[in-house]
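The values are calculated or read from the model by the stated rules, or taken from the named source; none is laboratory data. The structure presented is a predicted model; accordingly, all values stated were derived computationally and were not measured. So basically every Cβ, Gly included, is an ideal-geometry build from the backbone, and we count neighbours across all protein chains shown.
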């Protein structure tokens, strides 16, 4: 199967025609370079042996100016630290309304021990009043407020919601008042738990007298996880994890480079010898302080199983299978549907490491695949919507649109959408235009290259329906064209849908491929 250009934040299409158009308005943005630097090191799955003498390849980040989440606040000279505190710091005099805003918007990453590549904590009054690492003349709070208001590079990053006007006003008013100490929020620990007369405790999840815990999913005594009523029948599980690249079976942890941004690809041979179905794709996060996201790809001949190399987030001819970024969840296929997992290919996990605090650490993160050789009735696959006709002239705001008209003979079912653009991308809007004239929004989300996640978008497409995909950009360069480098652009919505091949018009504008609806 001849696939095409995919990049990364980043987690994964169609049979008819595409038309494209572009429009231009005005507003600035930034760019970077996506350079794929190969280093012939090695990797594979399972176990754990440590090798402190291992060195990682010298890989140039995508863009000198590119930062990890909120890395405008970072300082690469900060001493390495591998200790994680057992308890988070208290708010240290931070008023309740201010700490509430931070807890709801910032501290999932900017925790007492920062996670997912965040450079500093934003938990206590002391944290907020400390000099910003990159601009010591400003406090961390002042620089944070600038990032919150920055439409080009906001904090929190897309696709997370921006702070509301009231939340911004709360922080600004506290700053204008001279950042006085205030009373912490009341401890809610005495509320929210109810003990029944049968001794069953209910809270976020419910524990029954049979020992079965229910929450978002249900773990039964048989170990089967259900979600939305879907029961999985895993015949096997395999983990594709970061390692030192010492050959197949190497389980030595990967030494994380002391870089703000680093992409590493780890290559694996499938453990199944016939085509299989993936039923669940779960994140395995080892050192959450430095793992920004992972993506699982399949591409025959892409690399030797048991090796690793520095990579850039752009993989021509690879098929995106699954992925994760902070805020993402496990991918669980619905009943009767499995994700295609061919046996005659190579799989690789690309991990984006964000280590702006220069931590001295190793990592064994990756993905756990639950699969079966007993194929389900329906096979899902990754399809490509969007356009490759991209020419953005002049700095400012731009849009480009592709229209997919699949040649369906029956219904097709979309499960997930995964927008993909490069560093100029700021948003995606996708709309279903029904044969009868009605319109339904498939996807309408902000976009950040540094924080790419998928979205559940369950829709059924019928014969005669069309799907438009509009990518939105902000540029500060004279012109931008389609291409694999991050100073160039893409406009793809990777759609997980079944039956596989339902959306396939014979390839992209620049070549033929399965599961493309780009012309």
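Quick look at the values:
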quantity: Residue match in region 366-373 (condition: surrounded by fewer than 21 Cβ atoms within 10 Å (Cβ to Cβ), in a strand (DSSP E or B) and under 22 Å from the mean Cα position of the chain (by Cα)); calculated: yes
quantity: Considering residues of region 390-406 that are more than 25 Å from the chain's Cα centre (by Cα) and in a loop (DSSP other than H, G, I, E, B) only, the residue surrounded by the most Cβ atoms within 10 Å (Cβ to Cβ); calculated: 395
quantity: Qualifying residues in region 407-431 (those that are modelled with pLDDT under 90 and part of a strand (DSSP E or B)) - the one farthest from residue 470 (Cα to Cα); calculated: 418
quantity: Among (1) surrounded by fewer than 21 Cβ atoms within 10 Å (Cβ to Cβ); (2) in contact with a strand residue (DSSP E or B) (Cβ under 6 Å, 6 or more places away or on another chain), the one test that residue 438 misses; calculated: (2)
